[in-house]
Every structure is written in C-alpha cells, then in structure tokens.
Amino acid sequence: MPRRCSALLVSLLALLLAACGSQLDPQTVSQVGGAGGSGAAAGGEVLADGSVPAGGAVPDGSVPDAAAGGADAGGAPAAGGAAPGAAGGGGDSSGKNGGSTDGGDGANSASGGVKGASCAGFKNGPGITDKTITIGNASDISGPVPGIFEASQDAVRAYVAYFNSTGDICGRKLAVKTYDTRADAAADQQAYAKACEETFAMVGSMSAFDSGGAATAQGCGLPDLRSAATTVERSACKTCFGAQSTNASQFQNAVADFVLKNYGDAGKHAGFLYINAGAAAQNAKGQVDAMTKRGMKFDVVQGIDITEFNYAPYVQQLKTKGVQTVFWIGAYQQSVRLRQAMDQQGYEPKLYLRDPTDYSPAFVKEGAGAVDGTVVFANFTPFEEVRSNKELALYLGWLDQVKPGATPGFFGLFSWSAARLFVERAIALGGKLDRASLVAGLSGVKNWTANDLHSPQQVGAKQTGECWRFIQLAGSTWKPVGGTKYQCSGLTRIG
C-alpha cells in the first residue's frame, strides 16, 4: 500500500474500511450521494452539569448530559424517569485524597464494572479541571456529504450522558467538545491542533481524511481512540487507536470460508466488480488474492469507472462467464444500480455478497425487490437484534435520549464502543490517569468487544479482526445466515 492515499471516499460508507482494514477512497466524493444529517455546530459542547434543558438540545446543536432521563432494568433510559445515581458516583470529589470512581456494577454499567483505582495523586492537566474531564470528537459533519459521520458524535454524546448519569472519574464528570473535520485533511489537522490544548483525549472520531491530524495528535501526545482509522498515516500514529481495529494489509478468512462451506461450487466461479478508483481497486485485487489463497476461484475481476452509469455490459460479462458468486466494492447506491441491472437482465447469482456498506435502510428502500437476497458480512450485532443484546439496547436507548429521532449507524456503534473503552481505562488508572498512561493502557487492549456489541477487535495491535458473521436481506428485514455466532478463521496477508 502507498504511504498516502491520493484521495479518500467521502460518500457515506462507500467503501467499508472494516471489511479489510481498507482506506476510504475519495474519488467518488462528488459522484455518489449519501445519507445526510442535520449536522452539529463545530465546537459545540456537551455540558457536565447533569441536566437536560427542555426539548433535549441546546441552541447550538450540541446535546447536554442526559442525567434527567430514566433507566429501565437494562440500564437504557426510559422517558420521564430519573436516572439512577444522577447526582454522581461515590468517591472523593477533589480526587486528591484516595477517593475511588463509581459508575455502577456489572459489565453493562457505565463503568463496565471496573473497580476504580485510588485517586490519590490525580493531577489536572490539558482538558482536566477540578470538575470535568473534557474529551473531544472530530468527525466529518459538513462537507460534500453533510452528516456523513454525525452518528459518531451522537454516539459519544450518548455515552457521556449515560456515564454522567451514574458516576464520575475521581470526582469529575465528562464533557464533550466537538469539531467538524469537513471531509478535509486540513480541517482534521486544525481540529487536532485545537484539541491538543482543549481536551484530555479524543474519543470516537471518524473522518474519511484522517491523515491530517495524525502527526499533530502524536506530536502533543494526545490519546486518540477513534471509531476506526481510515489512512495509513492514522494507523501509524503512536497515540492513535481504533475501537474497530483495521489493517489494510490483512483480509479475514471467514468470508471465503463462508462461501465455500455454504455455497460449494459457487465459490469456484466468482466475480469481483469494483469502482476503478484509488483504494477501491487496490482493495479489490488484494481481497481476490486473499480469497484465492483460501480456495476460491475468480472468473471475472473487473473495475468500473466512477463516471459509468450503465452496468448492463458488466452484468452480461458475469452471465457469459457463468459467475455464481458476485462481490462488489463501492457505495450502496452503486450496489443498488448493479442489482437493478442484474434484475433487468434476469441474472440472479447464487450469492451476492457485500461488506456492511449495504446494511442501510436506504439500500433496502432504493433497491426494493431488486436487492432482495443480498448477503452482508458484518463484525457487529445488527440493530434488528437489539432485544437480545443489552449493550446494543443501551446505545440505541441513550442515543434516542440525547437526540430523539437520531439514526444509529455502523460507525456510531463503534464510537459508542470507543467511549466505553475510554471510560473503563480511565477508571482503572485512577490517580495515575494522564495522557501517557492512557496511551500505554490502550496499547495493551486485546479482543475488545464492548460487551458483545461487536466482534473481538485488536485495539492495541491494530490488527484486522478475524471474526465475522453473515446476514441476508429477506424482503425488508435482515436475518442471520448460518447462525448468530461469529466465524473466526484467521487472516491472510495481502499486498
């Protein structure tokens, strides 16, 4: 892989970086639309006073801590009630006399059930006062696709509200300061230059052009626990980590193994189409190489120019070659176009397999019947399974508490995970908490699942997670394929 991607895709989930640790490819930014969002004011803050104003949101678009929201038996907020322990957790409020942190008991509690270390010796520093610990989030909110990663900021706000409703860190509540990176590397760098002075750590950030602030974060020793890293520069940053661990030189074996086990000979007659631009082409060829090593065979490997809107010739090529399994790398909008072309030509492969880019209500709505049967490989618990996953219920419940009607997202889920990991590591450090100790602690994190919210992630090692599961679209509902357990088959090095 080159040291620097020439461009990064800023179309909503256009290339899933989780799928192989790939980088988002920018060359489709102006060509492909995405699901927009209302956006949040750059620099907006989540206050740590434990209150919620009428209507839930303050005028600048930021959301204060939802301490006034209730909680059901599972810990998720319930409208109209009072959150347990809203006055704050136990421990010495000054953090100077050996007090301990609080946040509830149990893995799904806001503290993760982590025993708070002594607060003796706790010192204030960048982003830390006697009352608050300010964390930051720098994500693409405005830019070519407004609201592309708004879900990441919303998720961090939600977790801060959850934690502040029950506990504190050595007597200090959490506050969130947000930055808009505008799908621009320069804006990312500017945000991190400010964050070095204004925050203790950055949590849950998500930007397609995240190379800009990498050197800045490392230079000031700023811990940066992201939803995921999208560029080589960010992955190389010594103080930067991703709750979703990725490595562009690795691809999970679970995908090829799933095809060969469940679809037999269809795995010997595969086709791989991709947007012929930047990282998309590199990732497609790398994935083909990895899956070929696992026993699959590809009869068609074909790039499609970003300006091409007629997919009929490519579908005809798949039909002529007798392709039975089809892969695609590109935006969900393009995936819809490809599936519609298949439908028009009466071509239905035994398997159309996609990364989580297609796990989107917009894909289902826009594709209608043409996309039925699509299979997606995923490294997280689908939202449809909220009733059986307590952590997912917490994310969705608190998200709705701080921002009623907000749409949850794949990257938001991992930003929630990042916020939980930050809190648990901070509580475990107690009086020893500072930037350097937090970075050291994150460097050792292995098999992080955020209470089974997602598959095991190698946060410290920055290695692609090897465990994946599969879901299939049946009508308008995503349903498990091959059970709900993750399949873990190791990794193949590519590139």
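Observations, loosely collected:
- Summing Cβ point charges (Lys, Arg +1; Asp, Glu -1) relative to the Cα centre of region 376-480 gives a dipole of roughly 200 debye.
- Residues of region 333-356 with amide N under 17 Å of a point placed 7 Å along Cα→Cβ from Ala474: 351-352
- By definition, a body whose alpha carbon gyration tensor gives a ≥ b ≥ c is prolate when a/c is 1.5 or more and a/b is larger than b/c, and region 152-306 fits this prolate description.
- With R₀ fixed at 45 Å, the C-beta to C-beta distance from Thr407 to Ala120 puts the FRET efficiency at about 0.55.
- Region 419-495 - Rg and Dmax from Cα coordinates, angstrom: 16.7, 53
- Taking label positions 7 Å along the Cα-Cβ direction at both Lys261 and Glu308, the computed distance is 3.4 nm, reported to one decimal.
- Scanning residues 5 or more positions from Tyr179 or on other chains, those with amide H under 5 Å from its amide H are Gly43, Asn137, Ala138, Ser139, with H placed 1.01 Å from N in the peptide plane.
- Reference-scaled alpha-carbon Rg (2.2 N^0.38 Å with N residues) for region 260-376: 0.98
- For Lys261, a cut-off of 24 angstrom between C-alpha atoms picks up these lysines, skipping any fewer than 8 places away in its own chain: Lys285, Lys293, Lys297, Lys319, Lys321, Lys350, Lys479, Lys485.
- Region 415-480 and region 311-354 have Cα centres separated by 34 Å.
- FRET E, pair Thr292, Ala368, Förster distance 35 Å, beta-carbon r, rounded to 0.05: 0.55
- For Arg354, distant residues with modelled amide H under 5 Å away: Val375, Val376, Phe377
- Cα-based shape type of region 303-362, given that a ≥ b ≥ c are square roots of the gyration tensor eigenvalues and the cut on a/c is 1.5: oblate
- Semi-axis lengths, Å, region 318-474, gyration tensor of Cα atoms, sqrt of 5 times eigenvalues: 37, 18, 12
- Full-extension gain in nm, Ala440 to Glu348, via 0.36 nm per residue minus C-alpha separation: 28.0 nm
- Cα gyration tensor category, rounded, prolate or oblate, for region 177-258 with a/c compared to 1.5: prolate
- Percentage of interatomic Cα-Cα distances in region 337-428 larger than 18 Å: 57 percent
- Note on region 105-178: dipole from Cβ charges, positive end direction compared against Thr178, Thr166, Thr132; the farthest Cα belongs to Thr132.
- Size of electric dipole in region 135-273: Cβ of Lys, Arg +1 and of Asp, Glu -1, about Cα centre, debye, nearest 20: 260 debye
- Residues with amide H under 5 Å from that of Gln302, placed H, sequence gap 5 or more: Phe272, Leu273, Tyr274
Read-outs: derived from the displayed coordinates by stated rules, not from any lab. All values reported here derive from a predicted model rather than from experimental measurement. In this analysis, Cβ positions are derived from the backbone assuming ideal geometry, glycine residues included, and neighbour counts consider all displayed protein chains.
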